[in-house]
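**Q** My structure is below; once you've seen it, I'll send some questions.
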Amino acid sequence: MPADRQRGFTLIEVLVALAVLTIALSAVMRTLSQSIDLTADLRDRNIALWVAQNRLAEHQIRNDWPAQDTTDGTSEMAGREWRWREQVAGTPEPALRRIEIEVRAAHGDQVLAHLVGFLPRPATAL
């Protein structure tokens, strides 16, 4: 080999390396994007569950004996508005009411949280 010949990468080798790097970086970006979407979804589901738990806790604190009916309403939590629906039903045990709470984002149709709880008949409602 002649001594004055320089060693280095050919244009083809550089293009192949760039193509491999591009594919790898696009996979990393896709994974990062999915991770961000999953984190946002989990945050929304967690806050929606807190809204449902708050609704049940309000009934317990007020010592309610709600009528067997369906009620809709909204609550604000974490700077956002949430829609909830409560369905109160009787149980085989006359001293218990079953309350089912579903929570959705204010502008969404997907149920983000679903909670079922039981309310005992207050001593004053006997």
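No value in this document is a laboratory result; all are computed from the given coordinates. Just so we're clear, the structure is a prediction, and the values are computed from it rather than from any experiment. Cβ atoms come from the backbone with ideal geometry, glycine included; neighbour counts cover every protein chain shown.
**Q** Given the conditions (1) exposed (fewer than 11 other Cβ atoms within 10 Å of the Cβ); (2) touching a residue at least 12 places away in the same chain (Cβ under 8 Å), report the number of the one that S33 does not fulfil.
**A** Failed condition: (2).
**Q** Could you grab me the full set of residues in segment 22-45 that are of a type in the set (A, V, I, L, M) and under 17 Å from R80 (Cβ atoms)?
**A** A40, L42
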